[in-house]
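The values are calculated or read from the model by the stated rules, or taken from the named source; none is laboratory data. This is a predicted model, so every value here is computed, not measured. Backbone-built Cβ (ideal geometry, glycine too); neighbour counts: all protein chains shown.
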Amino acid sequence: MRPNVSRLASLFLLEIWWRQGAPWRVASSERDRGIRDQCHTAATLLTTSSNATARFEATVSTIQKSTMRLIGRSYMAFAFTPEAPIVDWLAELDAWLARTPGFFVDRAVVLDLTKVELSTSGITHLITSLAERGVRVMGLEGVDSSQLGPELPPLLQGVRGVQIAETITKPSFPAEPATAAPPRPTSLLIDRPVRSGQSIFFPDGDVSVLGSVASGAEVVAGGSIPIYGTLRGRAMAGNTGNHNARIFCQKVEAELLAIDGYYRTAEEIDATLRGRAMHAWLDGTTIMITALH
C-alpha cells in the first residue's frame, strides 16, 4: 500500500517544529508521546518513500538513456578527381574558383584518388591545400584504407564492385507469380518556385520547374532541366553522366550552368543572352548556349 506522502510530510514538519520548540527530554503526557511516535514513524516512512522514488527514477533514466536511435541518411556531395601533376590540377582549380568564389563554401566534397598515387603525407597535403581554398573534404575514394590515419577523412564505400559472396539454392517447387514492382519515376515536377538556399536533387531523370529558380538555389538532375521561369541560381543537368542532357529556361540570369560535369559560370555567359529564353547543350566538352527567340 502506498503511504499518504502529503500526510507524512505534514507530520514530518510537525516533528521538526516540536523539536525546535519543545525538546524531547520528558513527555508531558501519553498524548504527547503518541504524537511523537507518529512523527517519528512519518519521518521514517517519508525518507524511505523518497529514497525508493529516487531509485526508481534513476532506473527509468538509465533505461531511457540506454536506448539510442540510429538513422541512415544520404547526402549530395561533389566529387573531385585530381590528376597528375597535382600542381597543375590545383592551378586549374584556382582558375575555376576565381570565376566562382565561394562556390564550395559549406558544400560536401568527396576526393576520388583513383587517378593518382599519393602517400599518406601527400594525401594530407592535398586535403590541406583544398581546405586553404575553402573546399572541405568529407570522405575519400580510390585509396587503400591502410594509408588513412585517424587525422584523415574516412574511406567511403559505395556499391561499385560489390560481388555476391554466396549463392542460395531455392526449393524446386513451383514459385508463385511475382508481383511486378512499380517502375521508378524518371522525371520530377516542381510546381512552385525554388527559393534561395533550396537544393533539388533528382539523379534518376529530368527535373521540370514550373516557376523560377532564385539566386542561391540549385537544381541538380540526372537528365534535362526545363525551367518555366527565370533561372537566377544554378542548374546542373546530366549529373550522373548523361552527355545528352539539356537545360531550358524562359529567362537566363544564371549563376552557373553545368552539363555532365562541364561548367559555365555567369561571367562566361554571353551578355546578349542574359534576360532571354535559352537552350543549353553539350558539344564535346563545351557548353553551347543559344537563344530560343
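Table for the structure above
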| quantity | calculated |
| --- | --- |
| Check on ALA277, in contact with a strand residue (DSSP E or B) (Cβ under 9 Å, 6 or more places away or on another chain) and surrounded by 22 or more Cβ atoms within 10 Å (Cβ to Cβ) | no |
| Hits in the range 224-233 (condition: among the small types (Gly, Ala, Ser) and under 27 Å from ALA77 (Cβ atoms)) | SER224, GLY233 |
| From the options TRP89, TRP96, residue that is of a type in the set (Phe, Trp, Tyr), modelled with pLDDT under 85 and either in the same structural domain as MET236 (by TED's automatic domain parsing) or surrounded by 10 or more Cβ atoms within 10 Å (Cβ to Cβ) (or both) | TRP96 |
| Count of residues meeting criterion [over 25 Å from the mean Cα position of the chain (by Cα) and either buried (at least 19 other Cβ atoms within 10 Å of the Cβ) or of a type in the set (Gly, Ala, Ser) (or both)] in the range 233-258 | 7 |
| Residue count for the range 99-137, restricted to those that are surrounded by 12 or more Cβ atoms within 10 Å (Cβ to Cβ) and either without any contact (Cβ under 8 Å) to a residue 40 or more places away in the chain or touching a Pro at 6+ places or on another chain (Cβ under 6 Å) (or both) | 18 |
